[in-house]
Amino acid sequence: MRKKIIAGNWKMNKTFSEAQDFFLEISEYLDTQNCNNTQVVICPPSLYLELATDFAAESNIYIGAQNVSYAQEGAHTGEISAAMISSLECDYCIIGHSERRKLYSETDEFVNKKILLLQENGITPIVCIGETLEEREIGIIKDVIVNQLEGAFQNITLDSDIVLAYEPVWAIGTGKSATPQQAQEIHSLIRSWLIEHYGQEKADEISILYGGSIKPDNFKELLLQPDIDGGLIGGASLNIEQFKQLISIAVELN
Ligand code: PEP
């Protein structure tokens, strides 16, 4: 059975003490939940990863970084390496987020290098893909998604875990989520691509998350789709009450 994953991407938000308060409250909350097949992941700014993994050691939270360098080590001022993330015992790392693609010119080639480095260091990549509004409007969504998959997964073997996140760019931070049907259509395309390249058994194990304006009032319908295995959540993961509600929706559907 595929894991359900509720992953919060804090982006560049929260002070250290706000992060501490959030981790304390969410750890206490998770102690009261029977998460079974659902994993709750928080991806805080990298400055707080050590704090986060200390909390994770004592609770049922999993921790992810928001980005990793494409390089192994050395003269890359401001970057953090896969080995560093691994040395803090993080479980996951988001790569290819549309904000990194748009603002920091992250290409599929970079995403490909990052997948390899994360795999070598025992961290599960959360690989984000998704089309822009313009690409949707001119009807090339499927080509865009398949190109991103081909680029990111070139020469990648899947002996270790990997997670995908379909995040239509037009839905991120806009309050305009994809409908469950729109999301399912692309999730099913991604699953078919995985079957074609890695076989049915492997494709059936891979969790494909939806991301883009998830809120407590639209999450359940999204999660009920057969190929949607959780959410990558920006805005609503910053608010402890909304994030708890999202977790409880997923746990109830377990
Ligand atoms: C995201 O940044 O990955 C995201 C999905 O953001 P939001 O939930 O705010 O749309």
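The values are calculated or read from the model by the stated rules, or taken from the named source; none is laboratory data. On a predicted model such as this, the values are computed, not experimentally measured, just so you know. Heads up, the Cβs are rebuilt from the backbone with ideal geometry, glycines too, and the neighbour counts pull from every protein chain shown.
Does LEU209 count as out of contact with any Lys or Arg (no Cβ under 8 Å at 6 or more places or on another chain), farther than 19 Å from LEU133 by Cα and assigned to a strand (DSSP E or B)? Break it down stepwise before answering.
Details: out of contact with any Lys or Arg (no Cβ under 8 Å at 6 or more places or on another chain): yes; farther than 19 Å from LEU133 by Cα: yes; assigned to a strand (DSSP E or B): yes.
It is true that LEU209 is out of contact with any Lys or Arg (no Cβ under 8 Å at 6 or more places or on another chain), farther than 19 Å from LEU133 by Cα and assigned to a strand (DSSP E or B).
Any residue at all in region 48-64 that is under 18 Å from the mean Cα position of the chain (by Cα), closer than 19 Å to TYR166 by Cα, crowded, with 18+ Cβ neighbours inside 10 Å and within 16 Å of the ligand (Cβ to nearest atom)? Scanning region 48-64 turns up at least one residue that is under 18 Å from the mean Cα position of the chain (by Cα), closer than 19 Å to TYR166 by Cα, crowded, with 18+ Cβ neighbours inside 10 Å and within 16 Å of the ligand (Cβ to nearest atom). For region 213-226, a residue qualifies if it is outside any loop (DSSP other than H, G, I, E, B) and within 15 Å of the ligand (Cβ to nearest atom), and the qualifying residues are PRO216, ASP217, ASN218, PHE219, LEU222, LEU223. Does region 16-33 contain any residue that is modelled with pLDDT under 95, polar (S, T, N, Q) and either closer than 30 Å to VAL251 by Cα or in a loop (DSSP other than H, G, I, E, B) (or both)? Yes, because at least one residue in region 16-33 is modelled with pLDDT under 95, polar (S, T, N, Q) and either closer than 30 Å to VAL251 by Cα or in a loop (DSSP other than H, G, I, E, B) (or both).
How many residues does region 167-179 contain that are surrounded by 19 or more Cβ atoms within 10 Å (Cβ to Cβ) and either assigned to a loop (DSSP other than H, G, I, E, B) or more than 16 Å from the chain's Cα centre (by Cα) (or both)?
6
What's the total number of residues in region 177-209 that are of a type outside the set (Val, Ile, Thr), within 16 Å of the ligand (Cβ to nearest atom) and without any contact (Cβ under 8 Å) to a residue 60 or more places away in the chain?
6
ASN37 satisfies every condition listed in (1) under 26 Å from ALA171 (Cβ atoms); (2) surrounded by 15 or more Cβ atoms within 10 Å (Cβ to Cβ); (3) modelled with pLDDT under 95 except (2). Residues in region 137-154 that are surrounded by 17 or more Cβ atoms within 10 Å (Cβ to Cβ) and under 19 Å from SER207 (Cα atoms): 5 in all.
Would a scan of region 150-165 turn up a residue that is away from the ligand (no atom under 16 Å from the Cβ), assigned to a helix (DSSP H, G or I) and in contact with a helix residue (DSSP H, G or I) (Cβ under 6 Å, 6 or more places away or on another chain)? Yes, that holds for at least one residue. Given the criteria out of contact with any Asp or Glu (no Cβ under 9 Å at 6 or more places or on another chain), within 22 Å of PRO226 (Cβ to Cβ) and buried (at least 22 other Cβ atoms within 10 Å of the Cβ), does ALA183 qualify? Taking the combined requirement at face value, the residue does not satisfy it. Under the condition of being part of a loop (DSSP other than H, G, I, E, B) and either of a type in the set (Val, Ile, Thr) or crowded, with 20+ Cβ neighbours inside 10 Å (or both), the residues counted in region 71-90 number 3.
GLU134 satisfies every condition listed in (1) exposed (fewer than 15 other Cβ atoms within 10 Å of the Cβ); (2) part of a loop (DSSP other than H, G, I, E, B); (3) free of Cβ contacts under 8 Å to residues at least 24 places away in the same chain except (2). Here CYS93 passes the criteria (1) part of a strand (DSSP E or B); (2) away from the ligand (no atom under 16 Å from the Cβ); (3) not small (Gly, Ala, Ser) except the one numbered (2).
Taking ILE140 and the conditions (1) within 16 Å of the ligand (Cβ to nearest atom); (2) within 19 Å of VAL169 (Cα to Cα), which numbered condition does it fall short on, given that it satisfies the others? It is condition (1) that ILE140 fails.
In region 227-254, the qualifying residues are those that are part of a loop (DSSP other than H, G, I, E, B) and either out of contact with any helix residue (DSSP H, G or I) (no Cβ under 7 Å at 6 or more places or on another chain) or within 20 Å of GLU18 (Cα to Cα) (or both), and the one that is farthest from the ligand (Cβ to nearest atom) is ASN254.
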